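Got a structure for you, written out below as structure tokens; questions coming shortly.
Readers should treat all values here as calculations from the given coordinates under stated rules, not as data from a laboratory. All values reported here derive from a predicted model rather than from experimental measurement. Glycine also receives a Cβ, built like all others from the backbone with ideal geometry; neighbour counts cover every protein chain displayed.
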Amino acid sequence: MYLQTLIVFALVFFRSDQLRGDSSAGAREWLWACAAVAVLLMGISALTKLATKVALRRMGGVGGDLHDAHHQHHRRMTAIKASLLIGFGVVLYATPWPIACYGLTRGPWLRIASDVLLLLPYFGGAVAIWALSHPVERAFREEGGEPRMESGAAAHGFSRWGFVLFNFRFHILVVALPMLLILFTGNLTRGYGAWIRRNVAPWPFTPDLLLGAAAFLVFLVSPLLLTRVWSTTRLEHGPLRDRLEAVCRAIGLRCRDVLLWRSDGMMINAAVMGLLAPVRYVLLSDGLLESMNDRQIEAVFGHEAGHIRRRHIEFFLLFAFVAMLAVSGALELLLILSPDLSNTTLELVGVLLTACTWGFGFGHVSRSFEREADWFGATCVTPDAEACALPCAVHGSRPCVEGARLCTTAAAVFASALDRVALLNGIEHEDFSWRHSSIGSRMRFLMALAADPQRLRRFRAALRRIKAFLLLTAVVGGAYALYYCLYREPLLLRAGSG
């Protein structure tokens, strides 16, 4: 739900910008607003109850396929979460709920309280979804714990509210806390825009520059915050940590720490966060450590290290910058062609362009980077020639330039880790993921890279082209945007300040 929560905050940001002036709601508007919120929450709750009832009946049926029932339940829950997003958008733009919320506070400093109140229907709907779908997740883990038992770890049971709290922290707070800080800063820069231009710099875009700088600062330090939002502790010393630290030394990876991500077995995954080494962490969940052997864990760790070593975070930031330039440029051109467009129409077009840019562009870049991280993770578990058990281009008779070939045994180890992640999380191998591709396609692609060195070279060349395009576009586009803002009068900034 990360992307969905980001979209929610974007909608709130735009809606908040539309209601800059004083606003207040009467008793009738309050009644209508509360009724709309109640209908949204009751509708989401009813749909979730129905989906849970269907899933439990199929799980308990004679000859029922537990994994298939769980998979189908996940699909229904995805649709219900999308319904929550759409419903929240309707409440935000078609009811007096925002007017009622912003009418309770005055001044830029207190406006954040109204922002939080405005978000409560979305937060409440998410809590209802997790609370009411908990029996399905509990049944899946209690009745489908065989894969975990194979590695000597017991299947976890968990309470309803423990499940809700974990998901709220994992899916909502991880996005909401940094975004609320940015939203608070945005309230100040917009509320005191005239004072900032008068006392800091007379440029019309000075408040936007301050907001951008604050957002970047929040991004830099957010890992320190998120390690506390998620329940984490330092991975204890032992053979596993020694192996992971050896991987770090071998690939030149610097990070603040390797952390154990405590989820009571609910999360079987790993993550990396932090742009700079002093605030960079690699997280391995307890469920991951319980369910995989050391070689598979090392491969997953190498995947996360690959995101750092191949500078994916930096290029994601470049993509965000390029996307902002592209959307802003399109809106500026639209204003030049149609100067009488209203701010509401302009914002709607901006939302649609942003959704298209991220939906198609970021999805492609992210999936490509994910496969590069898979390749990198596999290289981290390349065995010695004596331990290579499969026909292999790396350990064959021909000399191998570093990185030009991928060991088949190492690829198989990483593919087995992906297969286990899918099995333990109830993910179908061919389920498409916007950001990661399907697990099945990633496994096949990795084995194909090991079997065909030419394909690996073509893949790495394609990655270099993606990164070069982002870097070149960011430099040229940023330079032109700066020139345009300094020596022209951007209509978009004038519309935003008006």
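Order 160-169, 363-372 from most to least packed using the mean count of other Cβ atoms within 10 Å. Before the final figure, lay out each step's value.
Values: 160-169: 17.2, 363-372: 18.7.
Going by the mean number of other Cβ atoms within 10 Å, highest first, we get 363-372, 160-169.
Turning to a different aspect of this structure: Setting aside same-chain residues fewer than 8 positions from Lys467, which aspartates and glutamates have a Cα under 17 Å from its Cα?
Glu314, Glu370, Glu372
Shifting gears a bit: DSSP loop trypsin sites (Lys or Arg not before Pro) in the stretch 405-498 with at most 13 other Cβ atoms within 10 Å of their Cβ, which ones? Provide the component values of the computation, followed by the final result.
Working: sites: Arg405, Arg420, Arg435, Arg442, Arg444, Arg455, Arg457, Arg458, Arg460, Arg464, Arg465, Lys467, Arg488, Arg494; in loops: Arg405, Arg435, Arg488.
Within the stretch 405-498, the qualifying trypsin sites (Lys or Arg not before Pro) (loop, at most 13 other Cβ atoms within 10 Å) are Arg435, Arg488.
Give a residue-ordered list of calculated ³J(HN,Hα) values for the stretch 237-253 (Karplus: 6.51 cos²θ - 1.76 cosθ + 1.60, θ = phi - 60°; whole Hz; x for Gly, Pro).
Rounded to whole hertz, the list is 5, x, x, 5, 4, 4, 5, 5, 5, 5, 4, 4, 5, 5, 9, x, 8.
As a test of understanding, state the convex hull volume per residue of the stretch 307-498 from its alpha carbons, in Å³. Present the calculation step by step, with values, prior to reporting the outcome.
Details: hull volume 27.9 nm³, N = 192.
In the stretch 307-498, the Cα convex hull volume per residue is 145 Å³.
Indicate, rounded to the nearest 5 percent, the antiparallel portion of the DSSP beta bridges found entirely in the chain.
60 percent
Expressed as a whole number of Å, what is the distance separating the alpha-carbon centroids of the stretch 313-385 and the stretch 240-268?
29 Å
I've got another one for you. Provide the per-residue ³J(HN,Hα) series for the stretch 362-375, in order, calculated from phi with Karplus coefficients 6.51, -1.76, 1.60 and θ = phi - 60°, each as a whole number of Hz, with x at glycine and proline positions.
3J(HN,Hα) across the stretch 362-375, in whole Hz: 5, x, 5, 4, 5, 5, 5, 5, 5, 5, 5, 5, 4, 4.
Considering only Tyr483, Leu118, Ile251, whose Cα is most displaced toward the positive end of the charge dipole of the chain, charges sitting on Cβ of Lys, Arg (+1) and Asp, Glu (-1)?
Among Tyr483, Leu118, Ile251, the one farthest towards the positive end of the dipole of the chain is Tyr483.
First check a/c for the stretch 1-230, with a ≥ b ≥ c the square roots of the eigenvalues of its C-alpha gyration tensor; if it is under 1.5, answer rounded, and if not, answer prolate when a/b is larger than b/c or oblate otherwise. Can you show the working numbers first?
On the way: a/c = 3.36, a/b = 1.76, b/c = 1.91.
Oblate.
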